[in-house]
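**Q** So that we are looking at the same thing, I have put the structure below in structure tokens.
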Amino acid sequence: MKIRKLQHHEIPPYDLLLLADPSYELVEAYIADGECYVYEENDDIIGVFVIVPLSEVTVEIKNIAVSENRRGQGIGKKLLQEAIKVAKSSSYEEIEIGTGNSSIGQLALYQKCGFRISDVIKDFFVLHYDEVIMENGIQCVDMIRLRMKI
Ligand code: ACO
């Protein structure tokens with residue numbers, strides 16, 4: 001397995017990116033501003049993350065996803081750890097990530113990796129997405145923001 005930066009001429013793995021964020025328009029916009037990294041096994045891309053600078057000191061993981069049939073095997077954690085390593089080596093001082101109030105597993109994963117809840121953006125998913133998003137029997141309404149000093 002290998003985690004590598006996607007080159008500018010390569011097409012981003014939209015099938016994976018849209019698993020984390022159903023808005024093609026939003027994904028397109030932040031990919032243009034950031035860097036996309038992929039997790040490859042035998043030339044197959046099975047994981048992805050996108051980091052975007054928010055300021056000179058802060059970077060955000062805008063998207064992280066693993067192929068459905070490869071989840072629960074530690075790949076998400078490896079991708080998060082790599083994102084933190086990349087941010088650190090680029091001299092950022094903190095890293096942020098945002099997810100929905102209904103994303104129970106993701107909230108567990110991010111906190112296990114050292115992120116702490118910093119903010120809640122009320123109604124974010126109602127205001128920015130056309131469709132109703134449901135997960136774990138909960139409507140995704142608010143964005144939970146998490147942050148870590150690196
Ligand atoms: N309760 C407690 N812990 C949980 C739960 C839960 N419900 N769900 C997952 N975890 C823990 C696991 O136990 C594991 O911890 P451990 O190593 O201590 O056992 C940890 O989370 C991570 O497990 P991994 O196997 O590394 O994660 P995985 O490879 O399945 O990837 C990911 C996680 C990327 C979130 C994957 O499920 C995915 O692609 N989901 C769909 C897309 C998505 O929702 N992406 C995030 C959206 S937010 C954003 O992109 C910024």
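The values are calculated or read from the model by the stated rules, or taken from the named source; none is laboratory data. Since the model is a prediction, treat every value here as computed from it, not as a measurement. No Cβ is skipped: glycine too gets one built from the backbone with ideal geometry, and neighbour counts run over all protein chains shown. Each accessible area value is taken on the protein alone, full model and side chains, heavy atoms only, with ligands, DNA and RNA left out. Shrake-Rupley method; radii C 1.70, N 1.55, O 1.52, S 1.80 Å.
**Q** Identify all residues within the range 42-79 that are in a strand (DSSP E or B) and open to solvent by 50 Å² or more (accessible area, probe 1.4 Å); write none if there are none.
**A** Asp44, Ile45, Pro53, Lys62
**Q** Scan Ser67, Ser55 and give me the residue that is more than 9 Å from the ligand (Cβ to nearest atom) and polar (S, T, N, Q).
**A** Testing whether each residue is more than 9 Å from the ligand (Cβ to nearest atom) and polar (S, T, N, Q) leaves just Ser55.
**Q** Now, a different point. Could you list, in sequence order, the residues of the range 110-143 that are in a helix (DSSP H, G or I), farther than 17 Å from Val52 by Cβ and either basic (Lys, Arg) or open to solvent by less than 70 Å² (accessible area, probe 1.4 Å) (or both)?
**A** Let us first name the residues in the range 110-143 that are in a helix (DSSP H, G or I), namely 110-112, 124-128.
Retained after the next criterion (residues that are farther than 17 Å from Val52 by Cβ): 111-112, 125-127.
Matches in the range 110-143: Lys112, Phe125.
**Q** Could I ask something else about it? Please go through the range 10-35 and give me each residue that is open to solvent by 50 Å² or more (accessible area, probe 1.4 Å) and over 25 Å from Ser90 (Cβ atoms), ordered by number.
**A** Asp15, Leu18, Leu19, Pro22, Tyr24, Glu25
**Q** Among the numbered criteria (1) within 10 Å of the ligand (Cβ to nearest atom); (2) among the hydroxyl-bearing types (Ser, Thr, Tyr); (3) modelled with pLDDT under 95, which single criterion is violated by Ser91?
**A** Only one criterion is unmet by Ser91, namely (1).
**Q** When the range 75-88 is examined, which residues are found to be within 13 Å of the ligand (Cβ to nearest atom) and within 12 Å of Ile51 (Cα to Cα)? Walk me through how you get there before you give the answer.
**A** Here is the first cut: in the range 75-88, the ones within 13 Å of the ligand (Cβ to nearest atom) are 75-83.
Once the filter is applied, which keeps residues that are within 13 Å of the ligand (Cβ to nearest atom) and within 12 Å of Ile51 (Cα to Cα), the range 75-88 yields Leu79, Leu80, Glu82, Ala83.
**Q** Still on this structure: Report yes if some residue within the range 13-23 is in contact (Cβ under 8 Å) with a residue 12 or more places away in the chain and in contact with a Leu (Cβ under 7 Å, 6 or more places away or on another chain); otherwise report no.
**A** Looking for residues that are in contact (Cβ under 8 Å) with a residue 12 or more places away in the chain and in contact with a Leu (Cβ under 7 Å, 6 or more places away or on another chain), one finds none in the range 13-23, hence no.
**Q** If I ask for residues that are within 27 Å of Phe125 (Cα to Cα) and in contact with a Lys or Arg (Cβ under 8 Å, 6 or more places away or on another chain), which ones from the range 74-102 would you list?
**A** Those that are within 27 Å of Phe125 (Cα to Cα) and in contact with a Lys or Arg (Cβ under 8 Å, 6 or more places away or on another chain): Lys77, Glu94, Ile95, Glu96, Ile97, Gly98.
**Q** To continue, here is another question. With Leu107, Leu146 as the choices, which residue is open to solvent by less than 30 Å² (accessible area, probe 1.4 Å), near the ligand (Cβ under 10 Å from one of its atoms) and touching a residue at least 40 places away in the same chain (Cβ under 8 Å)? Before the answer, list the steps.
**A** Details: Leu107 fails: touching a residue at least 40 places away in the same chain (Cβ under 8 Å).
Result: Leu146 is the single residue among Leu107, Leu146 that is open to solvent by less than 30 Å² (accessible area, probe 1.4 Å), near the ligand (Cβ under 10 Å from one of its atoms) and touching a residue at least 40 places away in the same chain (Cβ under 8 Å).
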